[in-house]
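Worksheet for the structure shown next.
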2 protein chains.
Amino acid sequence: MSTDQPGTATPSPFAARSTVEQVEEGVALAPKFDSDGLIPCVTTDATSGEVLMLGYMNREALQLTIATGEAHYWSRSRQCLWRKGAVSGLTQEIVDMRIDDDQDAVWLRVQVAGGGASCHVGYRSCFYRTVELRGRSGEPARLTFTETSRTFDPKLVYGDAPNPTQL
Amino acid sequence: MSTDQPGTATPSPFAARSTVEQVEEGVALAPKFDSDGLIPCVTTDATSGEVLMLGYMNREALQLTIATGEAHYWSRSRQCLWRKGAVSGLTQEIVDMRIDDDQDAVWLRVQVAGGGASCHVGYRSCFYRTVELRGRSGEPARLTFTETSRTFDPKLVYGDAPNPTQL
């Protein structure tokens with residue numbers, strides 16, 4: 001349910017985008033959604049500062065995030081609204097929510113419930129591998145794992161649900 | 001110049017994406033670019049942990065970032081390769097580069113040269129406004145400034161260059 005559809009009860013928490021000055025220096029949320037109707041969202045751990053994931057929100061997910069204080073996303077692989085932690089219990093409570101200069105990106109600082117993980121592979125952060133800089137020319141850049149063990153077993157948590165990673 | 005074009009001299013630092021296991025658990029960089037040929041990049045300050053910006057890289061920008069250790073992006077508003085700081089001097093030296101689980105997002109931890117700012121509006125971070133949660137229903141969500149003064153004057157730095165913010 002999009003709240004911007006006629007006939008729905010909840011009014012939109014978003015202002016129209018009228019001028020560059022209003023978007024950059026104003027005090028009303030006027031988010032820009034891309035051609036797929038999505039806005040990217042950087043989510044960091046409020047305590048450690050670590051980047052946990054980069055997700056996407058549609059209008060409804062952003063509206064629900066603001067209304068509830070709990071992170072909601074749009075799952076691009078499953079094409080559905082996604083209350084983070086609905087299956088795993090690893091919900092994200094928002095400590096601080098930011099919008100960027102041109103209002104086309106969101107930053108959430110969150111506290112993760114349960115074991116504190118946010119990655120479907122079982123790691124704490126989705127960004128569990130570093131990229132080697134200035135590597136040997138002609139070979140794929142090498143990755144090094146920064147987390148040596150998984151926080152949870154995705155098979156136990158997600159069962160037979162399809163893996164969201166797409167080639 | 002894309003290095004994946006036939007006839008160019010520099011070989012690609014990217015591996016092909018063959019299986020989900022290879023992408024999620026492998027040690028070769030096999031990035032996924034979207035339908036516009038871009039991959040999003042979260043850039044944080046290596047010292048403070050603050051999210052400075054969310055940018056986008058095409059293949060060439062990602063390759064140059066890896067080769068030089070300095071952040072390069074693709075400017076969607078100007079439609080050109082963008083060595084961050086080329087005009088402002090506020091270059092970003094990479095301390096740590098990460099790739100996420102399905103390899104469709106990059107995280108850079110950087111040290112910013114000069115005054116330490118990364119936002120074209122003149123603030124330190126692009127995310128200089130918080131979004132009020134659970135605000136009064138029926139009104140646009142309110143924003144509060146977290147930075148009270150600009151780090152630099154964009155008019156002095158960028159002159160008459162067009163503002164990248166688009167409505």
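Each reported figure results from applying straightforward, stated rules to the coordinates on display, with no laboratory input. Keep in mind that this is a model prediction, so the values were computed, not measured. Reconstructed Cβ throughout: ideal geometry from the backbone, glycine too, with neighbour counts over all protein chains shown.
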Failed condition for A:ASP102, given (1) out of contact with any helix residue (DSSP H, G or I) (no Cβ under 8 Å at 6 or more places or on another chain); (2) facing chain B (nearest Cβ under 10 Å); (3) closer than 23 Å to B:VAL42 by Cα: (1)
Boolean, B:VAL121 is away from chain A (no Cβ under 12 Å) and among the β-branched types (Val, Ile, Thr): no
Residue that is farthest from the other protein chains (Cβ to nearest Cβ), among those in the stretch A:27-39 that are within 21 Å of A:GLN166 (Cα to Cα) and surrounded by fewer than 17 Cβ atoms within 10 Å (Cβ to Cβ): A:GLY37
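Yes/no matrix, rows are residues, columns are (1) more than 8 Å from every other protein chain (Cβ to nearest Cβ); (2) under 21 Å from A:MET53 (Cβ atoms); (3) in a loop (DSSP other than H, G, I, E, B):
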{"site": "B:PRO11", "(1), (2), (3)": "no, no, yes"}
{"site": "B:GLN22", "(1), (2), (3)": "yes, yes, no"}
{"site": "B:GLU60", "(1), (2), (3)": "yes, no, no"}
{"site": "B:ILE66", "(1), (2), (3)": "no, no, no"}
Tally, over the stretch A:152-166, of residues that are surrounded by fewer than 17 Cβ atoms within 10 Å (Cβ to Cβ) and either in a loop (DSSP other than H, G, I, E, B) or facing chain B (nearest Cβ under 7 Å) (or both): 8
Flag for A:PHE14 being aromatic (Phe, Trp, Tyr) and within 24 Å of B:THR43 (Cα to Cα): no
Positions within the stretch B:40-65 being surrounded by 21 or more Cβ atoms within 10 Å (Cβ to Cβ) and of a type in the set (Val, Ile, Thr), in sequence order: B:VAL42, B:THR43, B:THR44, B:VAL51, B:THR65
Out of B:GLN92, B:GLN79, sole residue that is more than 10 Å from chain A (Cβ to nearest Cβ) and either buried (at least 17 other Cβ atoms within 10 Å of the Cβ) or under 12 Å from the mean Cα position of the chain (by Cα) (or both): B:GLN92
Evaluation of A:THR148 against (1) loosely packed, with under 15 Cβ neighbours inside 10 Å; (2) within 9 Å of chain B (Cβ to nearest Cβ); (3) on the phi < 0 side of the Ramachandran plot; (4) in a loop (DSSP other than H, G, I, E, B) (one fails), failing number: (2)
